[in-house]
Amino acid sequence: MYNYLDFEKPVQDLEGKILELKKLAENGEAVDVADEIARLEKRSRDALRDAYKALTPWQKVQVARHPDRPHCLNYIDGLFTDFTPLAGDRAFGEDQAMIGGFARFRGESVAILGQEKGSDTASRLKHNFGSVRPEGYRKAVRLMELADRFKVPLVTLVDTAGAFPGVDAEERGQAEAIARSISAGLGLKVPSISIVIGEGGSGGAIAIATANRVYMLEHAIYSVISPEGAASILWRDTTRSRDAATNMKITAQDLLELKIIDAIVPEPLGGAHREPEKVIAATGDLIAKTMKEFAGSNADFREQRREKYLAMGRTL
């Protein structure tokens, strides 16, 4: 059984009935129910299609935050081989909310950065729910510098509600660490690819997303502040989060239209959490296609990146 969202209630009811019938059949407590199960499965697929064919921005926020959605480590396990993690910022300590290291992607060496939210209570606490502290961003800078030194392309996987807002993080220079990470990303001489796989929240996301190509999953979000935070500041009323989500243009479709991102990775019907292997494979294919384009280019990637972000300012 899945963790169902509010708007998936019709699907939940139908899939609950299907599960009950299957259990009865397994226990020999019912006559042949195969036809009834097939009928309910068709109704369930139709209900799921209806629910997802025109999601509102707030519903996309809910899907992007779904607890069963594949996270950074799932993508690393599914797409990369020989992953060698690097730990620590060589100044304060290690931050397990920021995953970083080197690996091979379809035979080619790459550097990887990504925020990991965790998939259960223990791992969420271990990775601080994907909220990175200053040492995590300084680790990211260290890895970017190594990627440049060894002329290895960088791939980043963005999935965070935002940088950690605790007092200890502020005391250790959270804003400065984020700014240096953004600067390091913009200054890379090697090509970089960033994929927003879930929630791309605030400067905590932008810190590792200043790439030559920025992609988003179909139901991911990317924003300067969370809808709840925006509603609290603008209207002093967090119940207006739905209005904030709509007005901020945080969906992949809105951002592609505004030319903030470069492409959208399609998700299976019902979201990435229903068929994680499928969406991970589609993401890998897009990374491979982009890396092939980079390999055949003589472009100055740092200058290309500079023009990309200056053009956003001129356009908007």
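The values are calculated or read from the model by the stated rules, or taken from the named source; none is laboratory data. On a predicted model such as this, the values are computed, not experimentally measured, just so you know. Every residue, glycine among them, receives a Cβ derived from its backbone with ideal geometry; neighbour counts consider all protein chains shown. Please note that ligands, DNA and RNA were not included when accessible areas were found on the heavy atoms of the full protein model with its side chains. Shrake-Rupley method; radii C 1.70, N 1.55, O 1.52, S 1.80 Å.
Per the conditions (1) within 26 Å of Pro266 (Cα to Cα); (2) outside any loop (DSSP other than H, G, I, E, B); (3) of a type in the set (A, V, I, L, M), the sole criterion not satisfied by Leu55 is (2). Among the residues of the stretch 174-196, the one identified as among the aliphatic types (A, V, I, L, M), in a strand (DSSP E or B) and in contact with a Lys or Arg (Cβ under 8 Å, 6 or more places away or on another chain) is Ile193. Only one entry in Arg274, Arg242 is part of a loop (DSSP other than H, G, I, E, B) and surrounded by fewer than 18 Cβ atoms within 10 Å (Cβ to Cβ), namely Arg274. Quick check on Arg306: is it assigned by the TED database to the domain that holds Gly185, in a helix (DSSP H, G or I), closer than 21 Å to Glu8 by Cβ and open to solvent by 60 Å² or more (accessible area, probe 1.4 Å)? Answer is no for this residue. Here Cys72 meets the list (1) under 24 Å from Ser181 (Cα atoms); (2) surrounded by 17 or more Cβ atoms within 10 Å (Cβ to Cβ); (3) touching a helix residue (DSSP H, G or I) at 6+ places or on another chain (Cβ under 6 Å) almost entirely, failing just condition (3). When you scan the stretch 220-228, do you find a residue that is assigned by the TED database to the domain that holds Asp300, in a loop (DSSP other than H, G, I, E, B) and charged (D, E, K, R), even just one? No, the stretch 220-228 has no match at all.
Checking Val167, Val132, Val152 one by one, the residue that is open to solvent by less than 30 Å² (accessible area, probe 1.4 Å), β-branched (Val, Ile, Thr) and over 29 Å from Trp58 (Cα atoms) is Val152 and no other.
When Ile225, Ile233, Ile250 are checked against the criterion of being open to solvent by 40 Å² or more (accessible area, probe 1.4 Å), more than 23 Å from Lys289 (Cβ to Cβ), touching a residue at least 24 places away in the same chain (Cβ under 8 Å) and not small (Gly, Ala, Ser), a single residue qualifies: Ile225.
Considering (1) out of contact with any helix residue (DSSP H, G or I) (no Cβ under 6 Å at 6 or more places or on another chain); (2) assigned to a loop (DSSP other than H, G, I, E, B), the lone condition that Asp89 does not fulfil carries the number (1). Of the candidates Gly130, Gly114, Gly101, the single residue that is in contact with a Ser or Thr (Cβ under 8 Å, 6 or more places away or on another chain) and farther than 21 Å from His273 by Cβ is Gly101.
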